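S.K.: Quick one: structure below, then a few questions.
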Amino acid sequence: MLVNADFPRSKKHELSKDQQSRNDQLADKYDKEGIFPLTVLLTPDGKVLKEWKGFPPVSADEFTSEVNAVVDANK
């Protein structure tokens, strides 16, 4: 499952209060430093397997391979 917690700055892209609350809860749990962007790979029970701070300096294919390698290593 993929979750994208967005934090738009523009009023025209403002989230519903319910969605903003859910995103804030995720940020409080997984991004206490307020890093943006932050990508976090989790187990189904919420354990952090790996995080990437900022934009990964690799191609999309390389990033996908890296994600798959982390998943495979934690099976």
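The values are calculated or read from the model by the stated rules, or taken from the named source; none is laboratory data. Just so it is clear, the model here is predicted, and its values are computed rather than measured. Cβ coordinates were reconstructed from backbone atoms using ideal geometry, including for glycine residues, and neighbour counts include every protein chain displayed. What goes into the accessible areas is simple: the full protein's heavy atoms, side chains included, and nothing from ligands, DNA or RNA. Shrake-Rupley method; radii C 1.70, N 1.55, O 1.52, S 1.80 Å.
For (1) among the charged types (D, E, K, R); (2) modelled with pLDDT under 95; (3) assigned to a loop (DSSP other than H, G, I, E, B); (4) in contact with a strand residue (DSSP E or B) (Cβ under 7 Å, 6 or more places away or on another chain), each residue gets a yes or a no:
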residue	(1), (2), (3), (4)
Asp6	yes, yes, yes, no
Asn23	no, yes, no, no
Asp45	yes, yes, yes, no
Phe55	no, yes, yes, no
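S.K.: Next question. Pick from the range 22-67 the residues that are in contact with a helix residue (DSSP H, G or I) (Cβ under 7 Å, 6 or more places away or on another chain) and not hydrophobic (A, V, I, L, M, F, W, C): which of them is most open to solvent (accessible area, probe 1.4 Å)?
M.R.: Lys50
S.K.: Can you tell me how many residues within the range 20-60 are farther than 14 Å from Val71 by Cα, in contact (Cβ under 8 Å) with a residue 12 or more places away in the chain and under 10 Å from the mean Cα position of the chain (by Cα)?
M.R.: The total comes to 9.
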